[in-house]
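The structure appears below as structure tokens.
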Amino acid sequence: MDNNCSNIIHHQHETRATSTITIKGILSLLMENIDENLDGGSKRVISLGMGDPTLTTLFHTPKLVEEAVSDSLNSHKFHGYAPTTGLLQARIAIAEYLSRDLPYQLSSDDVFITSGCTQAIDVSVAMLARPGANILLPRPGFPIYELSAAFRGVEVRHYDLLPEKGWEVDLDAVEALADQNTVALVIINPGNPCGNVYSYHHLEKIAETAKRVGTIVISDEVYGHLAFGAKPFVPMGVFGSVVPVLTLGSLSKRWIVPGWRLGWFVTNDPSGTFREPKVVERIKKYFDLLGGPPTFIQAAVPQIIANTEEIFFNKTIDNLRHTADICCTEIKDIPCIVCPYRPEGSMAMMVKLNLSLLEDISDDIDFCFKLAKEESVIILPGTAVGLKDWLRITFAADPCALGEGMKRIKSFCQRHARKL
């Protein structure tokens, strides 16, 4: 194992400098640890670490989506700058799309176009930052929130997600952590990294809790509608009349176009808190600093949303259900890895590592680095998402590669099994 790489991550974790850890950074270090001469160089790398569905042959961007962008570009009408808040026709289309699932109608004034959901995350934290502010983040979660908070000088307070309750929010912890300086409660639904989908009832309780402690909710819905279990996807904006909600999303996952960087930052607030002139002006001024996605991609959004057929979405859901099933079935045959909750959405799941059944494996980071070196399989250590001695496995992969990857993980675990 490359001790320098693992020591960097261990040092960051031990000093609680989670704000410096990124998923892409750790995956890059794991890739550097791959032994290219393994089995004479014949063992191909299988990555189950990155949530990019375009890296597989299983998920395809619809042709009509590509044609919409091509038509937009070839019209020669969209080579100039877009308004900093986004093209009006794109904002109208996104407002109408999101309003389908809400008990009220959004307007284009509620929608701001961002460069992917990552920029929407940073905008939401930046908008709320002030001296002494703190933000409540889920553990495990998505480390970009910690990174953004660190840059903005916002204190991070973690509440736990409860695996025994389908990774629901620990609402008692939220109430204990919140104070007069809490600017937001962040939820991710469908869940990354856990693969959970929150019920209507649980989202209602989250809204009521946020209202009680006097904060707003930031709802990260980048995996919106990618739900394949018993519970349907319910947007947090349904409860916008209970508590103000900032909804973050993008085309990336549902339309299989993460590289297009077309995201949105949306105010779900029928009571009008975010419509106060000072608040609106602050948001607009901040967007003057930003560069959004290319104008011709924004111009294609109305056609993309209007013309994508339900059969495409259903196929994506069926594929994710199938690959999640493969993952769960294979894990049953690996004694040192336990899946406490079968994923019902998104593209990833969390599994628990039982180190007592393994020899010469010190923790999740050590496991992942040795696995990369010995088996050319990449999975993400749970430390990267805030949960030590867990693993995040991305199941949005080709079934053959996923099956082969899980078999290599099983072989690795057998080789390192503690002798009884």
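Here are a few things to note about the model shown:
- Any chance K388 is part of a strand (DSSP E or B) and either at pLDDT 95 or above or surrounded by 22 or more Cβ atoms within 10 Å (Cβ to Cβ) (or both): no
- Criterion: of a type in the set (D, E, K, R), modelled with pLDDT of 95 or more and not assigned by the TED database to the domain that holds D363 - qualifying residue of R275, R342, R261, R282: R261
- Contacts under 7 angstrom Cβ, first residue in segment 298-318 being closer than 23 Å to T114 by Cβ, partner of a type in the set (S, T, Y) and surrounded by 12 or more Cβ atoms within 10 Å (Cβ to Cβ), 6 or more apart: A299/S72; A300/S72; I305/Y97
- In segment 54-81, the residue that is farthest from L371 (Cα to Cα) out of those that are among the β-branched types (V, I, T) and either part of a helix (DSSP H, G or I) or open to solvent by less than 50 Å² (accessible area, probe 1.4 Å) (or both) is V69.
- Residues located in segment 127-137, provided they are in contact (Cβ under 8 Å) with a residue 24 or more places away in the chain and open to solvent by 10 Å² or more (accessible area, probe 1.4 Å): M127, L128, A129, R130, G132
- Tally, over segment 354-379, of residues that are open to solvent by 10 Å² or more (accessible area, probe 1.4 Å) and of a type in the set (A, V, I, L, M, F, W, C): 3
- Every residue from segment 303-324 that is open to solvent by 60 Å² or more (accessible area, probe 1.4 Å) and assigned to a helix (DSSP H, G or I): Q303, A306, N307, E310, I311, N314, K315, D318, R321, H322
- Only one of the numbered conditions (1) farther than 27 Å from I144 by Cβ; (2) open to solvent by less than 20 Å² (accessible area, probe 1.4 Å) is not met by K419, and that is (2).
- Summed over segment 290-349, residues that are polar (S, T, N, Q) and over 26 Å from S99 (Cα atoms) total 3.
- Filter result (within 17 Å of the chain's Cα centre (by Cα), more than 17 Å from A401 (Cα to Cα) and of a type outside the set (D, E)) within segment 318-348: P343, G345, S346
- Enumeration of residues in segment 207-252 that are open to solvent by less than 30 Å² (accessible area, probe 1.4 Å) and of a type in the set (D, E, K, R): D220, E221
- Residue in segment 13-24 that is nearest to I135 (Cα to Cα), counting only those that are at pLDDT below 50 and charged (D, E, K, R): R16
- Residues that are at pLDDT below 90 and in a helix (DSSP H, G or I) were ranked within segment 25-53; the one that is farthest from G195 (Cα to Cα) is G40.
- Subset tally (residues that are part of a helix (DSSP H, G or I), under 20 Å from E281 (Cα atoms), open to solvent by 10 Å² or more (accessible area, probe 1.4 Å) and not charged (D, E, K, R)) for segment 107-125: 2
- For segment 398-412, the set of residues classified as open to solvent by 10 Å² or more (accessible area, probe 1.4 Å) and either in the same structural domain as L136 (by the TED database) or under 21 Å from the mean Cα position of the chain (by Cα) (or both) consists of D398 only.
- Count - residues of segment 278-302 that are part of a helix (DSSP H, G or I) and open to solvent by 70 Å² or more (accessible area, probe 1.4 Å): 6
The values are calculated or read from the model by the stated rules, or taken from the named source; none is laboratory data. The structure displayed is predicted, hence computed values, not measured ones. No Cβ is skipped: glycine too gets one built from the backbone with ideal geometry, and neighbour counts run over all protein chains shown. In case anyone asks, the SASA skips ligands and DNA or RNA and just uses the protein heavy atoms, side chains included. Shrake-Rupley method; radii C 1.70, N 1.55, O 1.52, S 1.80 Å.
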